[in-house]
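Asker: Before anything else, here's the structure in question.
Bear in mind these aren't lab numbers, they're just calculated from the coordinates by the rules spelled out. The shown structure was predicted, so the numbers you read here are calculated from the model rather than taken from an experiment. Note that each Cβ is placed from the backbone with ideal geometry, even for glycine, and that neighbours are counted across all protein chains shown.
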Amino acid sequence: MSEKILMKGNEAIGEAAVVAGCRHYFGYPITPQSELIEYMAKRLPQVDGVFLQAESEVAAINMVYGAASAGCRVMTSSSSPGISLKQEGISYIAGSQLPCVIVNVQRGGPGLGSIQPGQADYFQATKGGGHGDYRNIVLAPNSVQEMADITIEAFDLADKWRNAVMILGDGALGQMMEPVEFKESSSKPVEKSWAATGRRGRAKPNIVNSLYLQPDLMEKHNHVLQEKYAKIQAEETRWEALNTEDAEVIVVAYGITSRIAMTAINKARANGVKVGLFRPISLWPFPSQPLAELAKTAKAFVVFEMSAGQMVEDVRLAVNGAKPVSFHGRTGGMLPTPKELYEKIISVANGEGGK
Amino acid sequence: MNQEMIFAGFGGQGVMLMGQILAYAGMMEGQQVSWFPAYGPEMRGGTANCSVIIGDEAVGTPIVTEPQVVVAMNLPSLDKFEPHLAAGGILLINSSLIERPAKRSDVKALLVPCNDIAKELGNPKVANMVMVGAIVAASGVVKIESVLQVLAKKIFKNKPEVMQLNEQAIRRGMACIS
């Protein structure tokens, strides 16, 4: 198991899910994540799992609801337009506190969009997407190895918190091949005393539901959810900081954009610019506290995204006006080049770029 | 130092596989590698290309914009990627299908008659392997032993009978580079 193999990011997520004990997958094909559903179609029957290509994304997410209700480790995946279709089901999953893993290999939008890489679903992923007051844990890997590692972690977090975990990737990470190693994992499905698996001699049946017709009970349930989200925020924030100790300019980027940024940062460092990278790995909960700390020492921040500016709002909330926060983004499926990010870093380092 | 390469041709010429073989060989040698396809609504006969990075440094962006090696298996690929090649870079041209010479004078242009050699060997499908041999000889990015190991252990694991022909094609490609 510990041999390095060359795999696409999409395939690595699939194998990691199997390593984590996921035996149920429901999905519907869409570029640029189709290798994932293809991988699960081949792989799950080999481990006596259930693979089902649903008739639509809406059907797939509701099958996830059903399997999760029965206590199974379950996953679905799609790309931007397909994830939009799943939002009603995701809200129901949140209301019913069901653990599951949802993968979004983002492409350019809005609408049917393009099939090239995008990061414009940040708002949808981190701020809700469906109706009601709820949060998904959102994790953003930036390499094929991390796609594998984060997938395993996602199943554990989902079970630990009875919450949906979304893996927010993009077409570039899904399509690229890199060496990946699948280590032995201690990740195992946990005993779920709440699952609807038959009464088994219990006095009361387990019911999985998100309907509370009495508003006071609905509010009480909302309080339960909010308390859980507060605990997740306190315990599950993840980020990586590279070369930030002496940095005057902090680049904030996640996913594939953080890789492109790193190429630009290395070049700027070689030219004597004190610049570092802050990479949120959990997009929700967002690592606001470490960013606020960095605002004490850095002179300026610059956010790079493949969107018109979404995560930049969370960065500005975290920095809270202490230092200027600039933004540079590409949209529609266009990837920024290291050259354009380098030039933006230099202009920010020179005190240009304003807010 | 990382070597950044672009492999391009039309769909069906095996350009994606060429890139994967090189990336796999680099990985086996313990180098840092990445492979990234230009993917789109493609069809057979359309254009295909991939970016490959191999070297001793962690790979930042996997997308190559200023390659040190460009492999052009057909004319549209040469037209598209020759201008992006870094000065002093290596330009490998499949001269069986491309009649024009290189336009750039600040790069090292090498002609490899991939399809003609493949035909001589009796199987047109190995044209890409001829080019793999030429890339290894011209760039030195990986060792030929690593490439052969990838073919034997990964690509043709279940088809050992085709190993000999593919190795022949690779060695003929290497011989084109002197």
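Asker: Apply the Karplus curve 6.51 cos²θ - 1.76 cosθ + 1.60, θ = phi - 60°, to the phi angles in region A:36-42 and return the couplings in whole Hz, x for Gly and Pro.
Answerer: 6, 5, 5, 5, 5, 4, 7
Asker: Hey, another quick one. I'd like the trypsin sites (Lys or Arg not before Pro) in region A:152-241 restricted to DSSP loop residues with at most 11 other Cβ atoms within 10 Å, sorted by number. Intermediate results must be reported in sequence, preceding the final value.
Answerer: Working: sites: A:Lys160, A:Arg162, A:Lys183, A:Lys192, A:Arg199, A:Arg200, A:Arg202, A:Lys220, A:Lys228, A:Lys231, A:Arg238; in loops: A:Arg162, A:Lys183, A:Lys192, A:Arg199, A:Arg200, A:Arg202, A:Arg238.
Sparse-neighbourhood loop trypsin sites (Lys or Arg not before Pro): A:Lys183, A:Arg199, A:Arg200, A:Arg202.
Asker: How big is the Rg/Rh ratio for region A:176-264, C-alpha atoms only, Rh by Kirkwood, two decimals?
Answerer: 1.16
Asker: Which pairs in the list A:Lys4/A:Lys339; A:Lys274/A:Lys339; A:Lys42/B:Lys154 are over 22 Å apart, alpha-carbon to alpha-carbon?
Answerer: In this structure, A:Lys4/A:Lys339 exceed 22 Å between Cα atoms.
Asker: Efficiency by 1/(1 + (r/R0)^6): what FRET value for B:Phe156 and B:Lys108, r their Cβ-Cβ distance, R0 = 25 Å, to the nearest 0.05?
Answerer: Efficiency, from the Cβ-Cβ distance: 0.20.
Asker: Further question: Describe numerically, in nm with one decimal, the distance between label points set 7 Å from Cα along Cα→Cβ at B:Glu120 and at A:Lys323.
Answerer: Reported label-point gap for B:Glu120 and A:Lys323 is 6.2 nm.
Asker: Continuing with the same structure: Per residue of the protein assembly as shown, what 222 nm ellipticity follows from adding -39500 (n - 2.57) for every DSSP H run with n ≥ 4, rounded to the nearest 500?
Answerer: Working: 19 runs with 208 residues, N = 533.
Per the formula, -12000 deg cm²/dmol.
Asker: Here is a follow-up. Along Cα→Cβ, 7 Å out, is where each label goes; now give me the distance between the ones at A:Asp133 and B:Lys143 in nm to one decimal.
Answerer: Result for the modelled spin labels: 6.4 nm.
Asker: Now for a different question. Using the 10 angstrom Cβ neighbour count as an exposure proxy, how do A:Glu178, B:Glu167, A:Glu191 rank, fewest first?
Answerer: On the way: A:Glu178 26, B:Glu167 19, A:Glu191 8.
Ranked by crowding around the Cβ, least crowded first: A:Glu191, B:Glu167, A:Glu178.
Asker: Going by how many other beta carbons lie within 10 Å of each one, how would you line up B:Arg104, A:Arg107, A:Arg135, fewest first?
Answerer: Ascending Cβ contact count within 10 Å gives the list B:Arg104, A:Arg135, A:Arg107.
Asker: What aspartates and glutamates could a cross-link reach from B:Lys125, if we take a straight Cα to Cα line under 19 Å and drop same-chain neighbours fewer than 8 places away?
Answerer: Within reach: B:Asp116, B:Glu161, B:Glu167.
Asker: To the nearest 0.05, how large is the calculated FRET efficiency for A:Glu352 and A:Thr197 if R₀ is 45 Å and r is the Cβ-Cβ distance?
Answerer: Approximately 0.15, to the nearest 0.05.
Asker: In region B:51-70, whose amide N lies under 14 Å from the spot 7 Å out along Cα-to-Cβ of B:Ala38? List them in ranges.
Answerer: B:51-52, B:63-67, B:70
Asker: In Å, what is the Rg of the alpha-carbon atoms in the protein assembly as shown, and how long is Dmax?
Answerer: 25.0, 85
Asker: Consider a paramagnetic label point 7 Å from the Cα of A:Glu293 along Cα→Cβ; state which residues of region A:230-244 have an amide N under 20 Å from it.
Answerer: A:231-244
Asker: Once the piece of chain linking A:Gln46 and A:Lys204 is laid out straight, how much longer is it, given 0.36 nm per residue of separation minus the C-alpha distance between them?
Answerer: 53.2 nm
Asker: Using the Karplus equation 6.51 cos²θ - 1.76 cosθ + 1.60 (θ = phi - 60°), what ³J(HN,Hα) coupling, rounded to whole Hz, does each residue of region B:162-178 give in order, writing x for Gly and Pro?
Answerer: Karplus values, whole Hz, x for Gly and Pro: 8, 4, 4, 4, 5, 5, 4, 4, 4, 5, 5, x, 4, 5, 6, 9, 10.
Asker: Give me the number: length gained by fully extending A:Ala230 to A:Glu248, i.e. 0.36 nm times residue separation minus the C-alpha to C-alpha distance, one decimal in nm.
Answerer: 3.3 nm
Asker: Explain nothing, just the number: dipole magnitude of chain A about its Cα centre with +1 on each Lys and Arg Cβ and -1 on each Asp and Glu Cβ, in debye rounded to the nearest 20.
Answerer: It comes to approximately 420 debye.
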